[in-house]
Structure formats: structure tokens, C-alpha cells
Amino acid sequence: MGGPEVVDGPKPRGRPRDQDSAETRLRLLRVAQELFARHGYEATSNRTIAKASGITSGAIYHYFASKAELYAAVYEVVFDRVFSAFEKAIADHDTLVSQYAAVLDAAAMLNREDPLVPAFVIGVAGDAERNPELKELLRPLRRRNNEFFRHLVAEAADRGELRPGVDVRAVEDLLNAVVSGLARLSAITGDARRHAAAVDALQQFFAGTLLTG
């Protein structure tokens, strides 16, 4: 009745001591990421998150004022991890194709390291649309996603890589949609190997080695 069932965690504690406060917050974020990724925002209660984290339901409010704020904090952590990896990946490349290829490789590596990343990411749009409070909290945090691909394409245009008349916004949408689609594939299949294989096929397509003609 309080959300999805979880395996019992350690014995719940009340308000944490200062010295382990940061550790408990990190544990809350990790547990919340897993439950939100697996069950969605609506089906996951603060009580469930607190129980799986080994604290009382009341103690969770020491860290987050509401479930929506906890979700927003998870979003910020996950997307910071994703786009920090993307930014690092493109640093040594100077063309749009090579940069995007590096982004795809970074996404595949993130997926291998932590399948909960794509699982959480693909649920965000639906969770936000169904919950206006959550949508408003996430609005300012979503800029990094949009700005990353906007800058990638704008810099390519400045270097003269795009043909005259190309719709820059369409290119941004395409690059974003491919990454999102691959994340959805990974989350739905639960198979990091399929994600990696799809990335490899796309890399071959870029390199001109996928087709025989």
C-alpha cells in the first residue's frame, strides 16, 4: 500500500548524526534513483525509499522537503554524471562526427557501468508530464541537456561543417533523439550488449564501413 516492495534494509534510524549525514544523503539518492528507475515517480513513496535506505520515514525530510525535491536531486546527479562524461569525451575531438561518435561511446560505457542511468533517464519525461510540481522543479535543470547538443551543433556550423541551409535545430533534435533512443533500448531490453552493438553499428555507418555499396 505504500509503494513497490523492496528487500528489507538495515534497521531504520532517526535523524542522522552530522558525521554520517553526507553518507546517508548519498545512500538516499542512490536508492531513490533505483526505485524511481524501476517503478516510476508515482509508484515510489518516500516511506519505501526511507525503508530501503535504512532510515525512518520522518528522517528523510532532514534531507529533502518532498518526494519531488528528492527526484529533482536524483535528476541533477544523474544528468551531471551523463553530461560530464559527454563533455570529457568530446574534449579531444574537433569535428561533429568524431565528437558525436565519442558521445555514443561514452553513453555505452555509462550503460555498462550502471544500467540504472538509462532506466532513470527515459522515465523522466513521462514522470514530469504527469506531475506539474515535478515538471516545474526540473525545468531549470534540463537546460544542460539542451545546451550540450545546441553548442555541439553550433560549433560545427561555425567551423563550416554544415551545408548552407541545413536546419540547425533539426540536427540538434536528431543527435539528442538518437542518444535518447539508445537509452530507451537499453532500459527496455535490460541488455547493455545490445546497446553497445547498436552503437557499434552506428559507428560503422559513420565510418562508411557498414554497407557494401
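Coordinate-derived values only; no laboratory data. Just so we're clear, the structure is a prediction, and the values are computed from it rather than from any experiment. So basically every Cβ, Gly included, is an ideal-geometry build from the backbone, and we count neighbours across all protein chains shown.
Counting Lys and Arg as +1 and Asp and Glu as -1, each charge on the Cβ, what is the dipole of the chain about the Cα centre in debye, to the nearest 20?
Values: 27 positive and 29 negative charges, 151 e Å.
That gives the chain a dipole magnitude of about 720 debye.
Modelling each spin label as a point 7 Å along the Cα-to-Cβ direction, I'd like the residue 112/residue 38 distance in nm, to one decimal. The answer from the label model is 2.5 nm.
By the helix-only formula, in which each DSSP H run with n ≥ 4 contributes -39500 (n - 2.57) and the sum is divided by residues, the chain has a 222 nm mean residue ellipticity of -23000 deg cm²/dmol.
How much length would be gained if the chain were fully extended between residue 162 and residue 87, taking 0.36 nm per residue of separation minus their Cα-Cα distance, in nm to one decimal?
Values: separation 75, 0.36 × 75 = 27.00 nm, distance 2.11 nm.
Difference between extended and current length: 24.9 nm.
The slack in the chain from residue 205 to residue 62, taken as 0.36 nm per residue of separation less the alpha-carbon distance, amounts to 46.4 nm. For the chain, the residue among 211, 97, 183 whose Cα projects farthest onto the positive side of the dipole built from Cβ charges is 183. Just how far, in whole angstrom, is the range 67-136 from the range 142-161 if you go by their alpha carbon centroids? If you average the Cα positions of each part, the centres end up 16 Å apart. Across the range 75-207, the mean sequence separation of Cα contacts (distance under 8 Å, 6 or more residues apart), normalised by length, yields a relative contact order of 32 percent. Using a Gaussian network model of the chain in which every pair of alpha carbons under 10 angstrom is joined by a spring, one finds that among 30, 163, 112 the greatest mean-square fluctuation is at 163. Of 29, 138, 174, the residue with the greatest mean-square motion in the GNM of the chain, using alpha carbon springs below 10 Å, is 174. Taking the chain as a Gaussian network, Cα atoms linked when under 10 Å apart, which of 88, 135, 51 shows the biggest mean-square fluctuation? Residue with maximal mean-square fluctuation among 88, 135, 51: 88.
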